[in-house]
1. How many residues does segment 32-87 hold that are charged (D, E, K, R) and within 15 Å of SER13 (Cα to Cα)?
2. What are the residue pairs meeting all of these: first residue in segment 80-93, first residue modelled with pLDDT under 80, second residue in a loop (DSSP other than H, G, I, E, B) and open to solvent by 100 Å² or more (accessible area, probe 1.4 Å), Cβ atoms under 7 Å, and 6 or more apart or on different chains?
3. Assess whether ALA16 counts as being of a type outside the set (S, T, N, Q), closer than 17 Å to ALA71 by Cα and either open to solvent by 60 Å² or more (accessible area, probe 1.4 Å) or touching a residue at least 12 places away in the same chain (Cβ under 8 Å) (or both).
4. Filtering segment 27-54 down to residues that are within 11 Å of the chain's Cα centre (by Cα) and among the small types (Gly, Ala, Ser), which residue is most open to solvent (accessible area, probe 1.4 Å)?
5. For PRO57, are the conditions met, namely being open to solvent by 40 Å² or more (accessible area, probe 1.4 Å) and under 12 Å from the mean Cα position of the chain (by Cα)?
6. Taking SER77 as the residue in question, decide whether it is in contact (Cβ under 8 Å) with a residue 24 or more places away in the chain, among the polar types (S, T, N, Q) and exposed (fewer than 13 other Cβ atoms within 10 Å of the Cβ).
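The values are calculated or read from the model by the stated rules, or taken from the named source; none is laboratory data. None of the values given here were measured: they were computed from a predicted structure. No Cβ is skipped: glycine too gets one built from the backbone with ideal geometry, and neighbour counts run over all protein chains shown. Quick note on the areas: whole protein, heavy atoms, side chains included, nothing else; ligands and nucleic acids left out. Shrake-Rupley method; radii C 1.70, N 1.55, O 1.52, S 1.80 Å.
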Amino acid sequence: YAAPVLAGISPTSGPAAGNIPLTLTGTNFGTASSVAVGGRDCPVTSQGHTALQCTLPPGLGANAPVVVSAAGQASNSLPFAYPNPILTGLSPA
């Protein structure tokens, strides 16, 4: 099998809490791929050879790499943007 190739992600950013669907497009996804976002498992909910959906895991950071793995081979990575944390207060002061 040829290695999977990741061509696109929608959406390209999302909440730090995760739990939204991600749609990935590309080629050579096979029928039993896995997806990682920032090194965390993104559980696959539907899959075809050129598109799949997974549920975004929680995370932080502007450049979390998204990678599809199929038949023991990993795809190229594309970045996903979680919001950076914003400190709004400190307790105790």
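1. Qualifying residue count, segment 32-87: 0.
2. Every condition considered, the pairs that remain are ASN84/LEU60; PRO85/LEU60.
3. It is false that ALA16 is of a type outside the set (S, T, N, Q), closer than 17 Å to ALA71 by Cα and either open to solvent by 60 Å² or more (accessible area, probe 1.4 Å) or touching a residue at least 12 places away in the same chain (Cβ under 8 Å) (or both).
4. The extreme case among them is GLY39.
5. Spelling it out, it is not the case that PRO57 is open to solvent by 40 Å² or more (accessible area, probe 1.4 Å) and under 12 Å from the mean Cα position of the chain (by Cα).
6. No.
Quick grid of which residues meet (1) open to solvent by 40 Å² or more (accessible area, probe 1.4 Å); (2) of a type outside the set (A, V, I, L, M):
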{"position": "VAL5", "(1), (2)": "yes, no"}
{"position": "PRO11", "(1), (2)": "yes, yes"}
{"position": "THR25", "(1), (2)": "yes, yes"}
{"position": "ALA62", "(1), (2)": "yes, no"}
{"position": "ALA70", "(1), (2)": "no, no"}
{"position": "ILE86", "(1), (2)": "yes, no"}
